[in-house]
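None of the figures in this text is laboratory data; all of them are computed from the coordinates on show. Quick caveat: nothing in here was measured; it's all calculated off a predicted structure. When we count neighbours, we look across all protein chains shown, and the Cβ atoms used for this are built from the backbone with ideal geometry, even at glycine.
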Amino acid sequence: MAELSNQLMALTVLAYLAAMVCYAGEYAFGKRSHIGRAATRELVGAGGPATYEEAAERLKPSRGDWSGRVAVVLNLLGLALHLGTTVTRGVAAERMPWGNMYEYILSTALIGAAVWAGVLLRKPAVRHLGLFATLTLVVLLGAAALVAYTPVGPLVPALNSYWYVFHVSTIIVSSGIFLVGVVPAAMFLIKNGWDSGKRGFPYTLGRRVGDAGTLERLTFRLHAFAFPLFTFGALIAGPLWAEASWGRYWGWDPKEVWAFISWIVYAAYLHARATPSVRRTTATWIAILGFVTMLMNLFGVNLFFEGLHSYADAG
Amino acid sequence: MTVVEDRPATAETPPPRRGNPLWALLRNSWRQLTSMRTALILLFLLAVAAVPGSIFPQRSVNRENVAEYFTANPELAPVLDRFFAFDVYASPWFAAIYLLLFTSLIGCVLPRLRDHIRALTTVPPDAPKRLERLPHHVGGERRPEDPAAAVAEIAKLLRRRRFRTRLRETPEGWTVSAEKGFLKETGNLLFHVAMLAVLVGVGFGQWYGWHGNRLLVEGTDQGFCNIVTQHDESVLGPRVDAGDLPDFCLRLTEFDATFQTTGVPKSFRATVDVSEDGGKRYRPETFTVNDPLRLDGANVYLLGQGYAPVLRYTDRFGAQQTKPVPFLPTDGMLTSEGVVQFPDVNIDPATGKRDPALQMGFEGVFLPTGGTDGSAVSQFPAENNPVLYLAAYRGDLGLDTGRPGSVYALDRDRIADGDLKKVSGERPYVLRPGEKWTLDDGTTLEFVGTRRFATISIRHDPTQGVMLAGAVLGLAGLMLSLSVHRRRVWFRVLPADPEAAGGSVVEAGGLPRTDYSGFGEEFAALTRHIKEGKS
């Protein structure tokens, strides 16, 4: 079963990679008008996804469009394989698949991929973000397989607690959503730059991207959803478990320090977003900074610092 | 952290133009401090200030690591220490940031609380003259009832949807003003007040909490009572007196540890006898890593474990001393280091005088599972092939000087000075359980066997419950403030035809008062339902 999981993992990365290539194809060949208009329509019209269908029907599918459709199919295939990888890993270990860094990244990325697929199916207009979403997934899963791979094994006694399920699952889900949230955040900044006349490298990517306002709102909604979940996982379930296990609810372990930092930065994002006098681009940069602190917590803290959350065991 | 969204206009008299300059300065500083910009900057400062705590070892987390850092960087460490790099979270500059942040928070929450109470007690304002100017608008819907009946029906439907509703009669007809989503601000305030409660809770926890650590060896002869002198290390809050600690005694009767074939631990369980009446009656209890022993006024946590070899020394006069000596694990396979010191041996029974030059010390490693190659590294954490590698020293152990020294290492200075001489061979002596080692002077050391030991932490934090309640309430407030939206709707109901009786025309307008992209859909559904008379 463990072997099967590893093979599925390889296939997952390949499927995401293929989806990424197809998204890139759509990006290269796609017509700006097509995607852009669909997105704008969705923003303006009060109706739901129907407007996109109308827009799509009126325009004959182009080469880029076909490429995009294939990409979505490959993306969903990758998600199915990803789910298979995670489930077989859990079955092989006879427990929830988040007992070490490899499994943690696997599960976090799965949540990210699932949220992305959900957004994609509900709002097809965001398809142009697929290139960046799949890129993130490929990089994360690649890093998990190369840097953090750990053979299947049961849990150490410290992890043998029901709080393990609450604490780790909520953090995985919220990190997964923050992970997806950074994609529209980055695209908003690029698109906004493009709209305000910047034509340098990263901004050229914004040429075919949908409406900046929609991207910004999507960013906010993902973060506003993930933040309470992260609060619960990191600042309630975590301390409850820490109290039972280590005798103190908070002890400034490096992992706790960085969770605190991420929480503060995301709190600052929500405050900045709610303040009319702060520009939306500034607020969005804070969200991206939050993502960087999350990455620091995932990779930096596990690999460089020594602490009680030493589940990384990557070696 | 004030989010200024059209507060009810306050009709305060403008401040006098030439007031006391000091007062003006204070007032301006206060405004500056409580502005959102400052709050954001303080939040960032707090995040940045927390970073060094993960880079440098912290005294509050691990004292040994700090000591190691000092040895490794003798030049840099004292300089860093002066800036509290090893006590980041107790440092004045960290405290300055969060105290400023919380002052800013109070300065923001209080006026918002006042405004919110005012908003809650104010009726929704009357409909604007031109509803079509609002972001959402539906006009000219005809209804069969006359205006008074129609407006009553609309108000009923709005109230059922938990809108705060107010009817007004105007010369032309009727208006309905309705508003909902006050829970957003309530939640927001709840969240911030809960944050304040958590900070206060942390402070009280520091003042009134205490904890102590203790290494407890298996056996009824190795009991421990909860007094400061019996802790290996204890930290009492400033408001805690040593006499305040609850009185209980523990004896570790059994320690179970199981391991996977790879040596990774599978389970730990400590069985203890507990007495809460000063050692008169004992009752058995068990606790494990995630399931502490909860006693009245203190909790006992299992932190670690290891082995204590039991050694018997027979001196040149035939007197025997036996003691279990905990050896501290240095790796996951429980390769353990330790020293065995016998300061009160080789006392001539004729004179009763102790010769410090004849004190005995042994230093070495214990391996629960020794390898076949003779290397001093354990192969497995359980006792499959226990073996002890020891070197013997004779001379003044230096225990009488009163200088604090480690009980896990011999005094290096005395070995260097020659006060403490190595009396065994070049290679350490190998002892297995039951074996006896005869030294050069005919005295013997017997490796009797091993006992387990557990490292436990005894803790009390009186504000933990408050903290949890604060965190849960804060989360509830946070979710309310992020998911609820404040919005207003107005309906204007006019007679359909001023001449004829019966029938009315309804016009509706909606205004989201916070950023709320779904309001259009809600407004459309609301007006549709009102038109159809659905609740």
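Summary table below
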{"item": "Residue order, fewest to most beta carbons within 10 Å, for A:Tyr16, B:Tyr89", "result": "B:Tyr89, A:Tyr16"}
{"item": "Dimensions in Å of the protein assembly as shown - Rg and Dmax from alpha carbons", "result": "34.8, 132"}
{"item": "Cα-based reach from B:Lys129 at 26 Å (exclusive), listing lysines while leaving out same-chain residues under 8 positions away", "result": "B:Lys156, B:Lys180, B:Lys531"}
{"item": "At most 15 other Cβ within 10 Å, DSSP loop - chymotrypsin sites (Phe, Trp or Tyr not before Pro), region B:284-376", "result": "B:Phe317"}
{"item": "Shape metrics for region A:155-315, restricted to C-alpha atoms - Rg then Dmax, Å", "result": "17.9, 58"}
{"item": "Normalised per residue, the volume of the convex hull around the Cα set of region A:117-222 (Å³)", "result": "132"}
{"item": "Exposure proxy order (Cβ contacts within 10 Å, fewest to most) of B:Glu426, B:Glu337", "result": "B:Glu426, B:Glu337"}
{"item": "The protein assembly as shown: Cys lacking any partner C-beta under 4.7 angstrom", "result": "A:Cys22, B:Cys108"}
{"item": "Alpha carbon convex hull of region A:225-270, projected area averaged over orientations, nm²", "result": "2.9"}
{"item": "Mean shadow area of region A:212-307, taken as a quarter of the surface of its Cα convex hull (nm²)", "result": "6.5"}
{"item": "Descending semi-axes in Å of region B:116-164, equivalent ellipsoid built from Cα gyration tensor", "result": "23, 17, 10"}
{"item": "Estimated FRET transfer efficiency when R0 is 35 angstrom, pair B:Arg283-A:Val91 (beta carbons, to 0.05)", "result": "0.25"}
{"item": "Equivalent-ellipsoid semi-axes of chain B, from the Cα gyration tensor, Å, largest first", "result": "77, 27, 20"}
{"item": "All-pairs Cα distance distribution in region B:178-317, expressed in whole percent, bin size 5 Å", "result": "2, 8, 13, 15, 13, 11, 9, 8, 7, 5, 4, 2, 1, 1, 0, 0, 0, 0, 0, 0"}
{"item": "Full-stretch length increase - B:Asp413, B:Arg118 - with 0.36 nm per residue and alpha-carbon distance subtracted", "result": "98.7 nm"}
{"item": "Reach of B:Lys436 by Cα under 22 Å, taken over lysines that are not fewer than 8 positions away in the same chain", "result": "B:Lys323, B:Lys421, B:Lys422"}
{"item": "Size of region B:304-395 as Cα extents on the principal axes (Å, biggest first)", "result": "48, 27, 18"}
{"item": "Convex hull volume per residue in cubic angstrom - Cα atoms of region B:248-297", "result": "67"}
{"item": "Chain B: relative contact order in percent, alpha carbon pairs under 8 Å with at least 6 residues between", "result": "18"}
{"item": "Principal-axis tilt of helix B:63-72 within chain B, Cα atoms, nearest 10 degrees", "result": "70"}
{"item": "Centroid-to-centroid separation of region B:236-260 and region A:204-238 [C-alpha atoms, Å]", "result": "46"}
{"item": "Evaluated at q = 0.09, 0.10, 0.14, 0.16 Å⁻¹: base-10 log I(q)/I(0), Debye formula over Cα of region B:23-182", "result": "-0.61, -0.66, -0.87, -0.98"}
{"item": "Radius of gyration and Dmax over the Cα atoms of region B:26-118, both given in Å", "result": "18.0, 62"}
{"item": "Whole-number D in µm²/s for region B:210-460 (Stokes-Einstein; Kirkwood sum over Cα pairs; 37 °C, 0.692 mPa s)", "result": "167"}
{"item": "For region B:26-118: relative contact order, % (alpha-carbon pairs under 8 angstrom, 6 or more apart)", "result": "39"}
{"item": "Spin-label pair B:Arg162/A:Asp195, simplified geometry with 7 Å Cα→Cβ offset, distance in nm", "result": "3.4"}
{"item": "Sequence of B:Asp344, B:Asp411 once ranked by neighbouring C-beta atoms within 10 Å, starting from the fewest", "result": "B:Asp344, B:Asp411"}
